[in-house]
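Structure in structure tokens, see below.
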Amino acid sequence: MSISTIRPTSKQSVVLTPRGAHRLLAVNSGGEEILLRPENIQGVYQIPVESLADDLRYLPTPDGNIPTVSLAKRLASDLGFKPKHFGTERTAVVFRDGEHSVALRVDSISRPIELNSRDIFQPPALAHPTVGASFVDSLALVQNKATRKFDRIALLINPMVALGFCDNAEPLHEIIRKQNRVQAPHEQIVGDPAIRGRSKPKLRLERGNAQLLAFSPRTPLPADLDFRFCLPMSVIAEVLLDQPLLQPPSASSILSGYLIWRSRPVPAIDLAMAFGAVDSGVPTSSGRILIARIPGGGYFAILTEMNVRIFKTPKVSSIAFPSIDRFPHLGAYRDPSGLLVLPDLTAIVQPS
């Protein structure tokens, strides 16, 4: 039961391969692929079937009983994961800090995988709104070995935070940025740390001489909200036809997935969910995808219906629209085609 398969590494080190890629430990927990930073690993143990139990609190080893934590349950309680199953966690990865050891129970463990620095990026703030998300280290683009194409996004966890050895730690994407001494390619997608602590910039309309793009969200708005959204064309980087999204590795009603745009992952948001819509569970029809620059927040993709319209900014001032006052918006405008609402994208994608 106590056969160790991985040697411990120094807790001060970030494991690098000779090619400069980052070596991470891939595990399966509750039917989800999770990546673990391998620092502080003491060993990996196989739990006999006869000892398997949901309430297994201690792992017996030659060095004594080690307390255990179920990764699937931790993900479910703190991040809203919906594990496909419980009770099959036959593998325990033991982490050690000084004289203390804790075992993280997972379904299975695979060989360490190597990821390039450019494929490890900072999670958008809206992806993990729960207070227990502090152990989420980074997100990682993972390639399909057969096709050599990115086919999934995996959650990268710092086990030392998840197991309670420390409250927080410097995430791997930040370590990469400092090592490179330049801004990481993916960082502009989810926000520049240089602007943290400053007031969040807002979208502005220049009346009469700017163009707007009007659109309807892919998910229907509540029945009492009869309007279309609009954004200045100056913030639209590209308008695409519908493309498949990589699904996010944790629950979030606003975050629909990630679009690979120009070789980088762009979070795709559902504006309707930010304005009170309810997910019906029915797949939405195809449409378009807007790539928008968010002031202070990089690039985001917005899912829309097929029909979009470009026109000049109304010369009138914003009108009162009490029905949307409780939602994140920067004004409502009346156009011959109907009511237009300018969403506060900064507030949506960078929740405080």
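The values are calculated or read from the model by the stated rules, or taken from the named source; none is laboratory data. Source: prediction; values computed, not measured. Cβ sites come from the backbone with ideal geometry, for glycine too, and all protein chains shown count toward neighbours.
Pull up region 152-180, narrow it to residues that are under 20 Å from the mean Cα position of the chain (by Cα) and basic (Lys, Arg), then point me to the one that is surrounded by the fewest Cβ atoms within 10 Å (Cβ to Cβ).
Going through the qualifying residues, I end up with Arg152.
Does Glu114 satisfy the condition of being of a type in the set (D, E, K, R), assigned to a loop (DSSP other than H, G, I, E, B) and at pLDDT 80 or above? It would help to see each step written out before you state the result.
Details: of a type in the set (D, E, K, R): yes; assigned to a loop (DSSP other than H, G, I, E, B): no; at pLDDT 80 or above: yes.
Spelling it out, it is not the case that Glu114 is of a type in the set (D, E, K, R), assigned to a loop (DSSP other than H, G, I, E, B) and at pLDDT 80 or above.
Has region 72-90 got at least one residue that is part of a strand (DSSP E or B), at pLDDT 80 or above and surrounded by 22 or more Cβ atoms within 10 Å (Cβ to Cβ)? So that I can check it myself, show each step before the final result.
Filtering region 72-90 for residues part of a strand (DSSP E or B) gives none.
No, that holds for no residue.
Results for (1) farther than 20 Å from Glu39 by Cα; (2) β-branched (Val, Ile, Thr), shown as yes or no for each residue.
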position	(1), (2)
Pro83	yes, no
Arg96	no, no
Ser101	no, no
Ile113	no, yes
Thr147	yes, yes
Pro159	no, no
Ala169	no, no
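Given the residues Pro244, Pro283, Pro222, Pro267, which is the only one that is under 26 Å from Leu75 (Cβ atoms), modelled with pLDDT of 80 or more, out of contact with any strand residue (DSSP E or B) (no Cβ under 8 Å at 6 or more places or on another chain) and not charged (D, E, K, R)?
Working: Pro283 fails: modelled with pLDDT of 80 or more; Pro222 fails: under 26 Å from Leu75 (Cβ atoms); Pro267 fails: out of contact with any strand residue (DSSP E or B) (no Cβ under 8 Å at 6 or more places or on another chain).
Being under 26 Å from Leu75 (Cβ atoms), modelled with pLDDT of 80 or more, out of contact with any strand residue (DSSP E or B) (no Cβ under 8 Å at 6 or more places or on another chain) and not charged (D, E, K, R) holds for just one of Pro244, Pro283, Pro222, Pro267, which is Pro244.
Looking at (1) at pLDDT 80 or above; (2) aliphatic (A, V, I, L, M); (3) farther than 21 Å from Arg23 by Cα; (4) part of a loop (DSSP other than H, G, I, E, B), which one does Ala146 not meet, given that it meets all the others?
(3)
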